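Working notes for the structure below.
Each value in this text was obtained by applying a stated rule to the coordinates, not by laboratory testing. Keep in mind it's a predicted model, so treat the numbers as computed, not measured. Neighbour counts are summed over all protein chains in view; Cβ atoms, including those assigned to glycine, are modelled from backbone coordinates with ideal geometry.
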Amino acid sequence: MNDNVQYSMDSIKIAKPSVLDLFLLLRLFNKAVNEEYSIYNDDTKKIILKRHSFLHLLIARGKPNRTIFMSIIEQRCVGVCLGTTSDDGVGVINWIYVLPKYRNMNIARKMLEVSEKEFERRNCHKLLVTTEVAQDFYRKIGYKEEAVLKKHWWGKDFYYFSKLLGS
Ligand SMILES: CC(C)(COP(=O)(O)OP(=O)(O)OC[C@H]1O[C@@H](n2cnc3c(N)ncnc32)[C@H](O)[C@@H]1OP(=O)(O)O)[C@@H](O)C(=O)NCCC(=O)NCCS
């Protein structure tokens, strides 16, 4: 596990993954897509997983415009939050996931808070998320709904939520 811990609360640590940790993240992605995205058919799941292969994660980890934070409890990777920063000032959260057993412990909230700080540090004034399944979660943690794109990626309705940073 990585020593580069960004946040620590009781037993929960939020940190950037080491290269070895990427194998733990892979397992998390597989579990998430195979067990929780029943709205997608098998072909779509395969494409989503291909986009999160070890190589993709390794490249993302090395890119200066990407953010990857993982949550760790007792040496176990229980959550992940991926993002992309931009020099136009608007950052994007690409993916957030917490293992079912560890939900409602504020882990996703904390990963987003750590990500928001990182986006601010990289001169972003706004953070954007898109979701097809977690609208109520984003509302709950103070993100504002900006738009809905009907029959969008994979033919699903996608909701755009955002938060102004530094306010
Ligand atoms: C959505 C998800 C990331 C939330 O993770 P989590 O760690 O359980 O969330 P938190 O504990 O930080 O929740 C923060 C608050 O939001 C609430 N909340 C969490 N999930 C919620 C949901 N699906 N709907 C409504 N409220 C939710 C919590 O109760 C908590 O409220 P509180 O402040 O009153 O206690 C997690 O349920 C998940 O991984 N789901 C499957 C994948 C997914 O939907 N990802 C998002 C796709 S963009």
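The table for this structure:
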| quantity | calculated |
| --- | --- |
| Cα extents of segment 82-152 along the three principal axes, largest first (Å) | 36, 30, 18 |
| Inter-centroid distance (Cα atoms) of segment 115-166 relative to segment 24-64, Å | 20 Å |
| FRET E, pair LYS45, ASP88, Förster distance 35 Å, beta-carbon r, rounded to 0.05 | 0.65 |
| 222 nm mean residue ellipticity, helices alone, for the chain (DSSP H n ≥ 4; -39,500 (n - 2.57); rounded to 500) | -10000 deg cm²/dmol |
| Rg/Rh ratio calculated on Cα atoms of the chain (Kirkwood radius) | 0.94 |
